[in-house]
Amino acid sequence: MEKIYDLGIDVGSTTVKTVILLDGEILYTKYERHFSKVRETVAEQLKLISDKYPAAVFRTAITGSAGLGIAQASGIEFVQEVYSAFVAVNKRYPKTDVVVELGGEDAKIIFLTGGVEQRMNGSCAGGTGAFIDQMAQLLGVTADTLDEMSLKSTRLYPIASRCGVFAKSDIQPLLNQGAKKEDIAASIFQAVVDQTVSGLAQGRRIEGNVLFLGGPLSFLKGLRRAFTQTLGLDEEHANFPELAPCFMAYGCALRANELSKPMSIDETLDKIVNAKTSDNIVTGRPLFRDREEYVEFTHRHKQSDLKYADIRTYEGDAYLGIDAGSTTTKLVLITPDGGLLYQHYCSSKGQPLDIIASKLEEIYTIANPKLRIKASAVTGYGEELIKSGLGIDYGIVETVAHYKAAEFFCPDVDFIIDIGGQDIKCFKIKNHAIDSIMLNEACSSGCGSFIQTFAQAMGYEIADFATLGLFAKAPVELGSRCTVFMNSSVKQAQKDGASVEDISAGLSSSIIKNAVYKVIRAKSIDELGTNIVVQGGTFLNDAVLRSFELELGRNVIRPAIAGLMGAFGCALFAKEKSKNTDGISGVLNLEQLKDFAYNSMQAQCKGCTAHCNLTIIRFSDGRRYVSGNRCERGAGIKLENKTENMFEYKLNKLYSYGERKPAGTPRARVGLPMTLSYYDMLPFFHTLFTELGFEVVLSDESTRDTYYKGQHTIPSDTVCYPAKLAHGHIIDLLEKGVDFIFYPCMSYNIDEGQADNHYNCPVVAYYPELLKANIPELNDANFISPYLDINYKRNTAHNLAKVLKPYGVTEKQIMLKLNAAYTEQVRYKKSNEQKALEIIREARSKGQRIIVLAGRPYHVDKEINHGIHKLITSLGFAVVTEDSVAALVDAPPIDVLNQWTYHARLYRAAEYVCRNKDMQLVQLVSFGCGIDAVTTDEVRAILEEKGKLYTQLKIDEITNLGAAKIRLRSLAAALEEKETNEERSRTAV
Amino acid sequence: MSDKLQKQYSDRVKRTTFTEEMKKDYTILVPDMLPIHFNLIIKAYAHFGYKMELLTNRERVVIDEGLKNTHNDACYPALLVIGQFMEALKSGRYDVNKTALLISQTGGGCRASNYIYLIRKAISTEFPQVPVISLNFSGLEPNPAFPMTIPIIMRLIYSVLYGDMLMLLYNQCKPYELEAGSTDKLLARWEHRVGKLMGEKSRFMQTKRIYRAMLRDFAALPRSKENKPRVGIVGEIYVKYSPLANNDLNSFLISEGCEPNVPGLLDFVLYCASDLINDAGLYDIKTMRTYAYMIGYDVLYKFQKEQIKVIEEQGVFFPPHDFEHLREAADKYMNQGVKMGEGWLITAEMAALAETGTENIICTQPFGCLPNHIVAKGMSRVIKQAYPNANIVAIDYDPGATKVNQENRIKLMLANARKPQ
């Protein structure tokens, strides 16, 4: 009888795997990258098989995330990929308890014992093979080298892995600060593990016999090590099968045996080659109607070019500008009238310090000896390091640099948009000063580098890839959200048969849509004004530029040096600043450069309990540079006469309640978790319990470890970070051995008046329910969580008495003690208000500006605010909080339903800021806070109506404050500029 | 509010009030949430002289308009509703000087209560003349030109009852129909009939007679006897029902060979009605409104009992869950004090579905939905503990999530559902 083989084809997001079985025995396996040419690669693989097994008969099935389209179009059986894994595991490793599979762009966990359950990463999850590739690229190495490096690591840094963009913003500053690549490599793998454990397992522990599958886990030793160590598995329980990369294809072949009809290999091949693609791609208009239009376009943009001057012959003053950006380093040297003497643009790949030093040397070597660098300035992520390392004269914030440069090309510029490697910055200009700044949030950044990554993934150079899109006939609509989502949109388009040209054009347009819809969010184009300047390396891509013009429906100005504008602006700034001086720049000269060397070391700051991770760089001439610190202490600077910081005051005040103990022997030890609503209501509950004779135990201050402690019990990975921390606090209290934890559910907060209602947000109100359902150690006895509305005293006493019965407390006793609790709550509030007034007075006496750092009560938690308040004070501001000033004014007229107590304070704080000339408001927003989607727009409207600047800082588990720093410094710079302008106009009158 | 001198709304957002005058010749646009129910409601309002129209625009431009005109972290339903309105106003299909918008409002502690404000903000610059009307039972934004009278309320309730019945029968027939399209035809016929009844004085109140006729007609449809997996759909109210929001999940499930089981809108109405009653129990605050709600709840619950009874009498179709039973089901996992968004109802529905043999459950939610962190994702662990065979998948919907990704996850769930045990 003729032999019938079983063929499994696994079409993943990056690879095609094929496995052939005969009577269940594996005869053949193959693993091949497809570079997004899915169908071609599958066909090639089948041809190989056809050569090897000519005219043989196969039962074939397809599996994999990219396989569905092909299967449907060709009529070959499809097997869901997790199901394939399931079949294969049952056959080969029936004793397995849990399967962890990391693929190119997806991550999955299958729990096999104790209730079969399958988990896949959501649409917002990184932590996969593609994530690792992306990170390797960021470090300028291959994934294999990354793996080797990781094995030599000595320490780990916290890196967010929820999405590649987050991780980048953690890694880049580490690189810029000179952290060791080996350590970063290991940290990347650890981040992937953390992501899998918290994001996917979500409350179920990964234990027993664990089978690890998928490409990354079979090729990367460092990743395997990180997994086994974190999960605490020994060799016997951690199984890395040799077959891992092709495991799904194996399961698929097993299924094919049951499902599929036998067919000759050529017939199968035929079906795949001739499969009709479905036509459900949405397409947009072409970028250019014809060549002429393109010619007109290029001609128009040629007009915004610079003059060039020859560095070899030029004599006289010159100005140096450096932009040490997140992914690229830019450097220009200009003449006083803006002639370009020298330019350099390259990828940062690790250490910008080395690149700039070598380019400086080059400048000195080729320049005319009579060229004199009169002044220099630097901007960007690497600003401080470069400034101190190379003796640059000025350091300025990016926004200012970009504005200076744009103004040079268009003195009446109204609107500037800069799309760089990782960020989008937009600013409106009013009266020759930056009026409002819009930056992308961490989740949608990575815009420019995204196209680049994609070009590389498809096997093109970025420039070629972009050009392809220019004349695409039917650009694909890819959506406009974050890059991770775009990724799957692109995959879908490819599956549906879109050409590379159409995808290239589609990517350009989606970057623009992302900017227009998500960052600028202009209601109408007229809001942007008439003169729009675009810049940043991404706009050198004509397809992106054209998409922007089409989206806006108007022409914009793109300087030919769009990618160098930051550096150019620095040079102009240096020129402006040194106008009235005769000196020369302090930048290192050729001799000094030749001796230039540095080494970096890691240390932990002992200045306070935050224990910032410091990177200390020592230069050859003995100077040193410290980074990673959040306040001046880490840098070894002592500040005299510091104005008190409201954030610190509040936190200390709250924890000081922990020291109060009841008189006599306590009835029992009650644990109060320092989380969410307790940051507001602690004085009330603490006083009540202490008065009732309980010993109150508070959970320890949050740290990163608090998060890790509770990580495995978090069921929803998109909930806000403050809520995620609650899990760790509960576990901390359990470890402290309290008799019970008290954490009430409160639909309603205290009614502070002047609002439509006084709700808590759903998460704050009901998080205890979630904790109880997801932390296995909790039960009705050790976790007491009544529903309370403390606006009603008698009812509160009644409900408390019901749950505290086991401890012999009566309603009457509670009634007696409640007054003390209410009084303490009021006293706490009043003392905050007093303190705020004191701080304001003191700041005014010193001429300091004041910032109302407005968020939620729990934002005083150090692990939540990451020390942003310290950053603000280090910029010379005094800090007060929203709740401490809200009561000073009435609620302003607003256009939303004002129904949450915490949020009502924001509106009143904004109103208060409007009434004080020396105040500004900075709003802290926790990532994932849905309610702030309502409040932020309203707070902004209140402030902007009165001519105030609005600054919003989004915070998450990311500890990197780079983006926050840019915003805050821009705010400071804008305020200064505004003041100078006002003075100028006053003196002019 | 004590301080009436203080202006409530700013001048930043222009508001136009819907007046008696406008009633004559304005078209009121209604967002696309529950096609069957809303079409009945529109017919009911026609009886009182309002001209309403259900929006059915579902093109990509709806999402783009939504993204452009709403905060992008606002929930997906808000974004879609606003996108649909903006697209309609800009399309030229309507005279913007003769158009008003209608949106429902619950007044709970969820973001959803703010939709109407977000809509006003979104249209304020371009279409300040367009009034936005609130449809609610909590006395928010009273408007004499759009009152909540007893006759109107009655018709709204009956629209919900018949809408639920038709949705239930459709879902239980469509997957098994032998003649393609026959269920849709029958549904259309009934929609027309009930719609006409809504225009009559009181015949629409003869629920028993009408239910029986419906049941008879649907039972008479030629259907196959196949055994198809039943898949429950629970979740945030808009995403759960709106084909625009959930990429037509209902049809997708049917095409995948499943029978969708979507709990009715009456559950949500009862849930809202029970809210004040639950609060009264928890916090001991009873007002006149509490008593009114208690009466309302009893009336509505009787309606549900009647519907269940009629379905059971016939014995062909699977009746909806008894609401009191849902409340008991909820009590096993959480307090009914969880009242924001869909609150405890989602947990209860998941548990009730698992209990009655619909073990495959899709929990739909807008990306980052706040209450759902607690009541949906947060409770699936304990529900699975109670029903180890429960096969629950949470699907997030948002403007960037692709259909493929969502369908892939659902398919994974279905693969598990069909797995030979």
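The values are calculated or read from the model by the stated rules, or taken from the named source; none is laboratory data. This one's a predicted model, so the numbers in the text were calculated from it and none came from an experiment. A quick note on method: Cβ atoms are made from the backbone with ideal geometry, for glycine too, and the neighbour counts reach across all protein chains shown.
Examine segment A:912-920 for a residue that is assigned to a strand (DSSP E or B), out of contact with any Phe, Trp or Tyr (no Cβ under 6 Å at 6 or more places or on another chain) and assigned by TED's automatic domain parsing to the domain that holds A:GLY855, and state whether such a residue exists. So far as segment A:912-920 goes, yes, one or more of its residues are assigned to a strand (DSSP E or B), out of contact with any Phe, Trp or Tyr (no Cβ under 6 Å at 6 or more places or on another chain) and assigned by TED's automatic domain parsing to the domain that holds A:GLY855.
What about A:LYS870, is it among the basic types (Lys, Arg), buried (at least 21 other Cβ atoms within 10 Å of the Cβ) and either more than 14 Å from chain B (Cβ to nearest Cβ) or assigned to a strand (DSSP E or B) (or both)? Yes, satisfied. Figure legend. Inter-residue proximity from segment A:31-51: first residues at positive phi, second residues surrounded by fewer than 17 Cβ atoms within 10 Å (Cβ to Cβ) and at pLDDT below 90, beta-carbon distance below 7 Å, spacing 6+ or different chains. Indicated pairs: A:PHE35/A:GLY459. Here A:GLN899 passes the criteria (1) within 14 Å of chain B (Cβ to nearest Cβ); (2) under 29 Å from A:THR690 (Cβ atoms) except the one numbered (2).
Working only within segment B:224-267, note down all residues that are at positive phi and either part of a helix (DSSP H, G or I) or not assigned by TED's automatic domain parsing to the domain that holds B:GLU349 (or both). Within segment B:224-267, none qualify.
Note on segment A:27-144: enclosed helices (runs of 4 or more DSSP H) holding 1 or more residues that are outside the structural domain of A:ALA167 (by TED's automatic domain parsing) are A:38-52, A:67-74, A:81-92. Is there a residue being under 32 Å from the mean Cα position of the chain (by Cα), small (Gly, Ala, Ser) and within 11 Å of chain B (Cβ to nearest Cβ) anywhere in segment A:792-801? Checked segment A:792-801: no residue is under 32 Å from the mean Cα position of the chain (by Cα), small (Gly, Ala, Ser) and within 11 Å of chain B (Cβ to nearest Cβ).
The set of residues in segment B:87-102 being buried (at least 24 other Cβ atoms within 10 Å of the Cβ) and either among the charged types (D, E, K, R) or within 10 Å of chain A (Cβ to nearest Cβ) (or both) is empty.
Among the residues here, A:SER198 qualifies as under 23 Å from the mean Cα position of the chain (by Cα) and either of a type in the set (Ser, Thr, Tyr) or outside any helix (DSSP H, G or I) (or both).
Quick grid of which residues meet (1) at pLDDT below 90; (2) outside the structural domain of B:SER113 (by TED's automatic domain parsing); (3) of a type in the set (D, E, K, R); (4) out of contact with any Cys (no Cβ under 6 Å at 6 or more places or on another chain):
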{"position": "B:VAL194", "(1), (2), (3), (4)": "no, yes, no, yes"}
{"position": "B:ARG212", "(1), (2), (3), (4)": "no, yes, yes, yes"}
{"position": "B:ALA219", "(1), (2), (3), (4)": "no, yes, no, yes"}
{"position": "B:PRO222", "(1), (2), (3), (4)": "no, yes, no, yes"}
{"position": "B:ASP279", "(1), (2), (3), (4)": "yes, yes, yes, yes"}
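Restricting A:LYS812, A:LYS830 to residues that are surrounded by fewer than 15 Cβ atoms within 10 Å (Cβ to Cβ) and under 23 Å from A:ASN760 (Cα atoms) narrows the list to A:LYS830.
Of B:VAL382, B:VAL375, all but one fail to be within 7 Å of chain A (Cβ to nearest Cβ) and either farther than 24 Å from B:ILE277 by Cβ or in contact with a helix residue (DSSP H, G or I) (Cβ under 9 Å, 6 or more places away or on another chain) (or both); the exception is B:VAL382. Taking each residue of segment A:909-935 that is under 20 Å from A:HIS866 (Cα atoms) and within 12 Å of chain B (Cβ to nearest Cβ) and looking for partners that are among the charged types (D, E, K, R) and in a strand (DSSP E or B) with beta-carbon atoms closer than 6 Å, six or more apart or interchain, yields A:VAL925/A:LYS954; A:PHE927/A:LYS954.
Check whether at least one residue in segment A:548-561 is under 23 Å from A:TYR394 (Cβ atoms), more than 14 Å from chain B (Cβ to nearest Cβ) and outside any helix (DSSP H, G or I), and report yes or no. Yes: segment A:548-561 contains one or more residues that are under 23 Å from A:TYR394 (Cβ atoms), more than 14 Å from chain B (Cβ to nearest Cβ) and outside any helix (DSSP H, G or I).
Scanning segment A:840-861 for residues that are closer than 27 Å to A:LEU975 by Cα and within 33 Å of the chain's Cα centre (by Cα) yields A:GLN848, A:ARG849, A:ILE850, A:ILE851, A:VAL852, A:LEU853, A:ALA854, A:GLY855, A:ARG856, A:HIS859, A:VAL860. Restricting segment A:456-471 to residues that are in a helix (DSSP H, G or I) and at pLDDT 80 or above leaves a set whose member that is surrounded by the fewest Cβ atoms within 10 Å (Cβ to Cβ) is A:ASP464. Among the conditions (1) surrounded by 24 or more Cβ atoms within 10 Å (Cβ to Cβ); (2) within 30 Å of B:GLY66 (Cα to Cα); (3) in contact with a strand residue (DSSP E or B) (Cβ under 8 Å, 6 or more places away or on another chain); (4) modelled with pLDDT under 90, the only one that B:ILE346 does not satisfy is (4).
Within segment B:26-70, being within 24 Å of A:GLY930 (Cα to Cα) and surrounded by fewer than 20 Cβ atoms within 10 Å (Cβ to Cβ) holds for B:ARG60, B:VAL61. Of the residues examined, A:LEU550 is not one that is surrounded by 23 or more Cβ atoms within 10 Å (Cβ to Cβ) and modelled with pLDDT of 85 or more. Within segment B:103-148, the set of residues being free of Cβ contacts under 8 Å to residues at least 12 places away in the same chain, more than 22 Å from the chain's Cα centre (by Cα) and away from chain A (no Cβ under 12 Å) comprises B:PRO142 only. Set side by side, the residues A:LEU788, A:LEU818, A:LEU837 differ, and just one is under 42 Å from the mean Cα position of the chain (by Cα) and either farther than 27 Å from A:GLN923 by Cβ or surrounded by 15 or more Cβ atoms within 10 Å (Cβ to Cβ) (or both), which is A:LEU788. For B:PRO320, state whether it is within 13 Å of chain A (Cβ to nearest Cβ) and either modelled with pLDDT of 90 or more or under 24 Å from B:ASN250 (Cβ atoms) (or both). For B:PRO320, the condition - within 13 Å of chain A (Cβ to nearest Cβ) and either modelled with pLDDT of 90 or more or under 24 Å from B:ASN250 (Cβ atoms) (or both) - is not met. Selection of first residues in segment A:65-91 that are in contact (Cβ under 8 Å) with a residue 40 or more places away in the chain and of second residues that are in a helix (DSSP H, G or I) and surrounded by fewer than 21 Cβ atoms within 10 Å (Cβ to Cβ), restricted to Cβ pairs under 6 Å at least 6 apart or on distinct chains, gives the following pairs, ordered by first then second residue: A:SER74/A:LYS271; A:GLU77/A:LEU259; A:TYR83/B:ALA415.
For A:VAL880, the conditions (1) within 14 Å of chain B (Cβ to nearest Cβ); (2) modelled with pLDDT of 90 or more; (3) under 31 Å from the mean Cα position of the chain (by Cα) are fulfilled apart from (1).
Here's the yes/no breakdown for (1) surrounded by fewer than 19 Cβ atoms within 10 Å (Cβ to Cβ); (2) modelled with pLDDT of 95 or more; (3) more than 14 Å from chain A (Cβ to nearest Cβ):
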position: B:TYR271; (1), (2), (3): no, no, yes
position: B:ASP275; (1), (2), (3): no, no, no
position: B:MET288; (1), (2), (3): yes, no, yes
position: B:GLN314; (1), (2), (3): yes, no, yes
position: B:ARG327; (1), (2), (3): yes, no, yes
position: B:ASP331; (1), (2), (3): yes, no, no
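Within segment A:770-791, can one find any residue that is within 14 Å of chain B (Cβ to nearest Cβ), among the hydrophobic types (A, V, I, L, M, F, W, C), outside any loop (DSSP other than H, G, I, E, B) and in contact with a Phe, Trp or Tyr (Cβ under 6 Å, 6 or more places away or on another chain)? Scanning segment A:770-791 turns up at least one residue that is within 14 Å of chain B (Cβ to nearest Cβ), among the hydrophobic types (A, V, I, L, M, F, W, C), outside any loop (DSSP other than H, G, I, E, B) and in contact with a Phe, Trp or Tyr (Cβ under 6 Å, 6 or more places away or on another chain).
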